[in-house]
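Enquirer: My questions all concern the structure below.
The values are calculated or read from the model by the stated rules, or taken from the named source; none is laboratory data. The model shown is predicted, which means the values in this text are computed figures rather than measured ones. Backbone-built Cβ (ideal geometry, glycine too); neighbour counts: all protein chains shown. Note: areas computed on protein heavy atoms with side chains; ligands, DNA, RNA excluded. Shrake-Rupley method; radii C 1.70, N 1.55, O 1.52, S 1.80 Å.
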Amino acid sequence: MEISNIDSCQIGVIGLGYVGLPLAVEFGKQLTTIGYDISPERIAELRDGRDSTLEVSDEELRQAARITYTDRLEDLAECNIYIVTVPTPVDDSKRPNLVPLQHASRALGSVIGRGDVVIYESTVYPGATEEVCIPIIESVSGLTYNKDFFAGYSPERINPGDKEHRISNILKVTSGSTPEVADFVDALYRRVIAAGTHKASSIRVAEAAKVIENTQRDVNIALINELTLIFDRLGIDTEEVLEAAGTKWNFLPFRPGLVGGHCIGVDPYYLTHKAQEIGYHPDMILAGRRINDGMGAYVAQRAVKLMTRRKIHVSGSRVLVMGLAFKEDCPDLRNTRVVDIIEEFRSYNADVEVFDPWVDPEEAMQEYGIRVLTAPPEENRYDAIIIAVGHHQFRQMGADRIRSMGKEQCVLFDVKYLLPKDRVDARL
């Protein structure tokens, strides 16, 4: 490995979304950094000092004095450290979609030079970096891994919309393809991660650590969601049960809900894919996934039952779904499970409208074919209202304002526990 002085590093960050931009900005405060993205529109807004994901403020963008932005791959040629932060989604069959990662690796193969280091941050199954990505770089570049160029893996820990847990104050796992590279990658990240680092013994260990972080949360939430299904049939309020159980010091404070987003609802499928590839069927993880993937339909079905009891004709009814983003106070639409609620209502021929002041209406239409209202709807309009996302604007509206949008017999279902129990008709 030829690079030893971190101050001489020129860093290229490939992918400037929710993960890549905050990282590029932190490095750009100290080191020469080039942020690369294939979207000219994204590059244009960043050059104008704006971040549409709202993860980085205008002031933070100004503070990154040593960063430039480009959509021209050739501009990365002078870099000697490459950090890949592209998405790793799943396809319609819940199988890992590595196409963005493969495209990024091919692009890197055309610009990487001798002695350079490529660090992957995208969530993958154990082994993917060295089994999928590295061979592509070798093939395109003609260079040999761990002789001409080197690799590291440092899984992202970005939490979209979270203004408390930022990239610099979340401990970072690091790893490298040789002991020397591992030390270098660890030292590089320590320059921008005030919370410190944890150096894993190998790239595969770091990959596995990332993928189980969200798998663990997914399984725990699935347990609470299944308990919710049981308690509903028993006529017991789940929140009251969890509050009572929570008086024990070691009871974990998980709550029922929709499990979407770019991590928790996706990452377990990467691990289960690899497990099945080596001949092991991961029963618990897949069972949890099935439960969590079914919660959107369950919410709609419960609301439909309540509407029927009130003699509201569901077919042709008007339903308002409040929130489309995958989590509160965030414009991120990736893998939002609110769409499952919408689709289930539409299967009953209900007329569904969506209100979300956070999301980009054009993105919602492009990704899901859903028209989004960005201002509160008119009063006395809906037969059912579903509070699906916990945006602070919805909490501020209060029960009276939200109920005013519904008709006299309107069913109000609070998925997020925003309103007092006695002001709603149902909640998870």
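Enquirer: If you build a Gaussian network model of the chain, linking Cα atoms that sit under 10 Å apart, which residue out of D414, D48, D293 swings the most?
Expert: Taking springs between Cα atoms under 10 Å, the residue moving most is D48.
Enquirer: Hey, another quick one. Compute the Cα gyration tensor for the stretch 73-199, then decide on rounded, prolate or oblate, letting a ≥ b ≥ c be the square roots of its eigenvalues: rounded whenever a/c is under 1.5, prolate when a/b is larger than b/c in the other cases, and oblate in all that remain.
Expert: oblate
Enquirer: Using a probe radius of 1.4 Å on heavy atoms only, what accessible surface per residue do you get for the chain? Whole Å² is fine.
Expert: Here the per-residue accessible area is 44 Å².
Enquirer: Give a quick list of chymotrypsin sites (Phe, Trp or Tyr not before Pro) in the stretch 250-331 that DSSP marks as loop, anything other than H, G, I, E or B, with at most 12 other Cβ atoms within 10 Å.
Expert: F251, Y280
Enquirer: A follow-up question, please. Given the rule -39500 (n - 2.57) for each run of at least 4 DSSP H residues, summed and divided by the residues of the chain, what is its mean residue ellipticity at 222 nm, to the nearest 500 deg cm²/dmol?
Expert: Calculated mean residue ellipticity at 222 nm is -11500 deg cm²/dmol.
Enquirer: State the answer as a single residue: which of P282, F254, V411 lies farthest towards the positive end of the charge dipole of the chain, with beta carbon charges of +1 for Lys and Arg and -1 for Asp and Glu, about the Cα centre.
Expert: Of the listed residues, the answer is V411.
Enquirer: Find me the longest stretch of the chain that has none of the exposed trypsin sites (Lys or Arg not before Pro), where exposed means in a DSSP loop (not H, G, I, E or B) with at most 11 other Cβ atoms within 10 Å.
Expert: Result for the longest clean stretch: 164-247.
Enquirer: Rank these by accessible area, largest first, 1.4 Å probe: V99, V352.
Expert: I get V99, V352, largest accessible area first.
Enquirer: Going by a ≥ b ≥ c, the root eigenvalues of the Cα gyration tensor, does the stretch 283-428 fall in the rounded group (a/c under 1.5), the prolate group (a/b larger than b/c) or the oblate group?
Expert: rounded
Enquirer: Moving on. Quick check: from the Cα gyration tensor, does the chain come out rounded (a/c under 1.5), prolate or oblate?
Expert: Prolate.
Enquirer: Now, a different point. Which of L54, L271, L324 moves the most in a Gaussian network model of the chain with Cα springs under 10 Å?
Expert: L54
Enquirer: Over the stretch 264-314, with every protein chain in place, what whole percent of the accessible area is carbon and sulfur at 1.4 Å, could you tell me?
Expert: 58
Enquirer: Sticking with this one: Please arrange T33, T197 by accessible surface area, largest first, computed with a 1.4 Å probe and ligands excluded.
Expert: Reading off the accessible areas and sorting them downward yields T197, T33.
Enquirer: Mind listing which GluC sites (Glu not before Pro) in the stretch 336-393 are in a DSSP loop and have 11 or fewer other Cβ atoms within 10 Å?
Expert: Answer by residue number: E378.
Enquirer: Oh, and also: Once phi is turned into ³J(HN,Hα) by the Karplus curve 6.51 cos²θ - 1.76 cosθ + 1.60 with θ = phi - 60°, what whole-Hz value does each residue of the stretch 26-42 show in order, with x for glycine and proline?
Expert: 3J(HN,Hα) across the stretch 26-42, in whole Hz: 4, 5, x, 6, 10, 10, 4, 9, 10, x, 10, 8, 6, 8, x, 5, 5.
Enquirer: Only four residue types carry charge here, +1 at the Cβ of Lys and Arg and -1 at the Cβ of Asp and Glu. Report the dipole size of the stretch 43-194 about the Cα centre in Debye, rounded to the nearest 20.
Expert: It comes to approximately 160 debye.
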